[in-house]
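Everything on this sheet refers to the single structure shown next.
Each reported figure results from applying straightforward, stated rules to the coordinates on display, with no laboratory input. As the structure is a computational prediction, the values presented were derived from the model and not from experiment. Reconstructed Cβ throughout: ideal geometry from the backbone, glycine too, with neighbour counts over all protein chains shown.
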Amino acid sequence: MTYHHHHGLNGCEWCEGRHGLWGAFLLGLGVFAVGLILILDNFGVIDAGVVAPYWPLLLVLVGGGHLVPPTSVRRSGWGLSLIAIGAIMLLHNLGVIAVGIEVLWPVVLVIFGASLLLRFVLRRLRRLEDVARRGSTPAV
């Protein structure tokens, strides 16, 4: 085994694949928890309505999975966005803040659109730099 940037060893099963398994693990954990809560509600063991306001924690879990290495700037951005949206929705559901996602979703659209535009511009600039380095004319 060789050195790895976040825990010291290559070959770690949590680091295999393009994005690792943490995101899938956290999403699976969240889906499992929701299913278990609904089953317990069906049998009258618990009242699912009591835990329903906490569903945005699933978004926070998935967002957290995007922040666990190995990650990229793009995945980290999505992770932070999911965490922020989940936190806002949770705080709204619990009555801590009055502004809910219904007011903030246009902000999410603007940020998403801006990120697409920025990615396009950065790719274009990289292509122009590559062309300038090679000394040829860019194909537009």
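Structure above, values below:
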quantity: Close pairs from the range 121-133: first part of a helix (DSSP H, G or I), partner surrounded by 10 or more Cβ atoms within 10 Å (Cβ to Cβ), Cβ under 7 Å, at least 6 apart; calculated: ARG127/PRO138; LEU128/PRO138; VAL131/PRO138
quantity: Positions within the range 67-119 being surrounded by 12 or more Cβ atoms within 10 Å (Cβ to Cβ) and basic (Lys, Arg), in sequence order; calculated: ARG75
quantity: Helices (runs of 4 or more DSSP H) lying entirely in the range 15-106 (those with 3 or more residues that are touching a residue at least 60 places away in the same chain (Cβ under 8 Å), touching a helix residue (DSSP H, G or I) at 6+ places or on another chain (Cβ under 9 Å) and among the acidic types (Asp, Glu)); calculated: none
